[in-house]
Amino acid sequence: MPEPSLRTGLLLRLGIVLVVMLALDAVACYFTALHFANGVYDRWLLDSARSLAPAVRSEGGRIEFDPPRVALDIFQFDELDKMYFRVSSLRRGFIAGERDLVSPPPSASRGARLGYSNIDGNRVRVVSTRVSAPSADDVATVEVAETLIKRSQLAGEILLGMVAPQVALLIIALLLAWQGVSRGLKPLTDLATEIEARGQSNLSPVPQSGLYRETRILVRRINELLVRVAEAMQARKRFVADAAHQLRTPLAAILLHAERAQRATDTPEEREALRALRRSVERAARLSGQLLSLARAEPDAALAFQTRPVDLNRLARTIGEEWIPRALARDVDFGLVVPEHSVMVPGDERLLGEMLSNLIDNALRYGSDGGHVTVIVEDGPMPSISVMDDGPGIPVEERLRVFERFYRQPTSQGEGCGLGLAIVQEIARLHHSTVEVTSGPDDRGSRFTISFGASRLTA
């Protein structure tokens, strides 16, 4: 099946409009032609009726009709149409002519009456006029009828003479419309040709000069899309480059410790090399897991995003229990502060759990041994979940940069890879929520708060 064409569609719609207008005009022309044809032959028919009127005379007060035979022969002679006449009076009734000729319907006019009738199976045009004979106390009626062949032929000739030039004008209009539409669509076809000729890596803006206003709107939208695609590709390139750079360090360490364990000559040295090897493997595994989580939180992965009601209280308890052993290992007082009732928000429970886990991991990793970490759920018009610690905190000037991928504070002592908070921010964006970093109590530590806007659900 051929692809639909904008040019063909426009011309088809224009052609349909022109053909309908031509058909309506043809109907109007036909009735106009018929009107003029009737006007011509009605006058001739009326003259014929008046030519018979002198043959109506009065004899002894009685109306008689005595036309010369030659006059009747001339009157009835016609190569195409057939003529009929009928003479009658009020007192005598039928006098001469065709008895079956029916008079036209009465008219308010006192003059001649015109109308249609039927005789011998033929439809005829009838004219009727009254004649008063001298010395006769009676009124005669002379009726003359004619078939419609000449009228139809004349109307057809007039119609053909009127419609033929209009058909020619229709053809010329369609040709001019084809040329005009082709010229009007040329900027659009040139734009399509330019875009088709581009390579996959050419994401430069499409020129807008010489385009119509409607086309410029389309080009602006295309350019905006190209900018977003270029930014996404650039971000993906940076992500791959940073990921390769970050993975190189633990992989090099793994190789170094493996060689060290292979060269070890005594058991203590071998055990130390194996412990270092395990730490490097764990770091590489964690980095790979973080990269996978970040990929799942990317905006282009939103197709797998399923929004369902999530209870922040239950989420905080479930995820918090998973981190209790880690908190106990570092002698950290791990607390949970939640309302007595459920706090429901729309979201993906798996992603929200990943976000909360990264916040807790960040607090335990960079907090102080023997310190405090608290998960707080708050209800209200803007439900929120927070993770607060009493560690060294984050300087104000660094609070925006900590969400950058692979960024770590210069004074950071932990072994993180700089992706945890970037994952938190991406998941928050997917849920149309915001992340805010503030100081903890007494300006100690940090507090990360996820606010879910006006998205609260009732339990």
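The values are calculated or read from the model by the stated rules, or taken from the named source; none is laboratory data. Given the structure is predicted, the values throughout are model-derived calculations rather than measurements. In this analysis, Cβ positions are derived from the backbone assuming ideal geometry, glycine residues included, and neighbour counts consider all displayed protein chains.
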### Message
Take the conditions surrounded by fewer than 20 Cβ atoms within 10 Å (Cβ to Cβ), assigned to a strand (DSSP E or B) and either at pLDDT below 85 or in the same structural domain as Thr438 (by TED's automatic domain parsing) (or both) and apply them to Ile324. Does it pass?
### Response
no
### Query
So which of Arg151, Arg91, Arg123 ends up being within 60 Å of the chain's Cα centre (by Cα), closer than 26 Å to Ala49 by Cβ and touching a residue at least 40 places away in the same chain (Cβ under 8 Å)?
Arg151
#### Entry: Tally of residues being touching a Ser or Thr at 6+ places or on another chain (Cβ under 7 Å) and in a strand (DSSP E or B) across region 385-402
3
### Task
State whether the residues of region 345-364 include one that is surrounded by fewer than 20 Cβ atoms within 10 Å (Cβ to Cβ), free of Cβ contacts under 8 Å to residues at least 60 places away in the same chain, in contact with a helix residue (DSSP H, G or I) (Cβ under 8 Å, 6 or more places away or on another chain) and over 22 Å from His432 (Cβ atoms).
yes
### Task
Please go through region 63-84 and pick out each residue that is loosely packed, with under 13 Cβ neighbours inside 10 Å and either modelled with pLDDT under 70 or under 18 Å from Glu143 (Cβ atoms) (or both).
Asp66, Val70, Asp73, Ile74, Gln76, Phe77, Asp78
### Query
Scanning for something modelled with pLDDT of 75 or more and aromatic (Phe, Trp, Tyr), does region 169-179 turn up at least one residue?
yes
#### Entry: Selection from region 150-165 of residues that are under 21 Å from Leu18 (Cα atoms) and buried (at least 16 other Cβ atoms within 10 Å of the Cβ)
Leu159, Met162, Val163
#### Entry: Meets criteria (in the same structural domain as Gly93 (by TED's automatic domain parsing) and touching a Ser or Thr at 6+ places or on another chain (Cβ under 9 Å)) for Thr141
yes
### Task
Mind telling me which of the residues Val27, Val40, Val19 ends up being surrounded by fewer than 16 Cβ atoms within 10 Å (Cβ to Cβ), free of Cβ contacts under 8 Å to residues at least 24 places away in the same chain and of a type in the set (Val, Ile, Thr)?
Val27
### Query
Residue check: is Asp242 acidic (Asp, Glu), exposed (fewer than 14 other Cβ atoms within 10 Å of the Cβ), outside the structural domain of Leu12 (by TED's automatic domain parsing) and modelled with pLDDT under 70?
no
### Task
Please specify each residue of region 137-185 satisfying the condition of being under 30 Å from Val126 (Cβ atoms) and among the charged types (D, E, K, R).
Asp137, Asp138, Glu143, Glu146, Lys150, Arg151, Glu157
